[in-house]
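Here is the structure we will look at, set down as structure tokens.
The values are calculated or read from the model by the stated rules, or taken from the named source; none is laboratory data. Bear in mind the structure is a predicted one, so any value in this text is a computation, not a measurement. Positions of Cβ are generated from backbone atoms using ideal geometry, with glycine treated the same way; all protein chains shown enter the neighbour counts. Heads up: the accessible areas ignore ligands, DNA and RNA and are worked out on the full protein's heavy atoms, side chains in. Shrake-Rupley method; radii C 1.70, N 1.55, O 1.52, S 1.80 Å.
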Amino acid sequence: VSQSRYAPEVANAYSIRVPSPEGTLFVHCTENSKGELKHVVINIGKSGLAAAAVADALSRLINITLKYEDVNTVLENLSGITTGKSIRHSSGTQIHSIPQAIYVALTTYKDAKIATKQHSFDSGFLAFR
């Protein structure tokens with residue numbers, strides 16, 4: 001069995017909390033040894049089984065996409081998906097769906113990575129709220 005199929009023992013990981021119309025999303029991002037986003041787990045708090053199933057399905061599809069593409073492809077495909085409900089993020093952004101909340105979380109991840117590289121901090125120990 002190939003060792004590359006398993007996550008490394010030590011990896012940079014980030015957890016980002018974002019509100020959605022269906023409940024609070026917790027988006028957990030894990031990078032490979034090159035600092036590239038390679039695995040996403042999405043949990044939704046106090047939402048019920050239907051929203052949890054949607055979050056799980058989106059996690060799986062994002063992870064398949066990340067095997068062949070980078071985070072920008074994921075962002076392009078999540079952008080603009082809305083529902084009739086909305087909630088305001090602390091940044092002032094209106095979030096209209098679970099996919100849009102994931103978009104906000106992954107954009108936060110990407111922006112933090114850029115900021116971290118510009119300031120030369122050790123990004124492995126940052127937590128985003």
Hey, what do the phi angles of the stretch 90-103 turn into as Karplus ³J(HN,Hα) couplings, whole Hz, using 6.51/-1.76/1.60 and θ = phi - 60°, x for Gly and Pro? 4, 6, x, 6, 7, 10, 10, 6, 4, x, 5, 5, 5, 4
Are there trypsin sites (Lys or Arg not before Pro) in the stretch 27-115 that DSSP puts in a loop and that have at most 16 other Cβ atoms within 10 Å, and which ones? Lys34, Lys46, Lys85
Here, GluC sites (Glu not before Pro) of the stretch 24-122 satisfying both criteria (DSSP loop; at most 14 other Cβ within 10 Å) are Glu36, Glu69
Amide H neighbours of Thr24 under 5 Å, counting only residues 5+ apart in sequence or on other chains, H built in-plane at 1.01 Å? Gly45
Report, to the nearest whole %, how much of the accessible area of the stretch 32-94 belongs to carbon and sulfur atoms, 1.4 Å probe, protein only. 54
The ³J(HN,Hα) series, computed from each phi in the stretch 53-68 with the Karplus coefficients 6.51, -1.76 and 1.60 at θ = phi - 60°, rounded to the nearest Hz and given as x for glycine or proline, is 5, 4, 4, 5, 4, 5, 4, 5, 5, 4, 5, 5, 4, 5, 5, 10
Using the Karplus curve 6.51 cos²θ - 1.76 cosθ + 1.60 with θ = phi - 60°, work out ³J(HN,Hα) for each residue of the stretch 13-27 in order, rounded to whole Hz, and write x for Gly and Pro. 9, 10, 10, 10, 9, 9, x, 9, x, 9, x, 6, 8, 10, 9
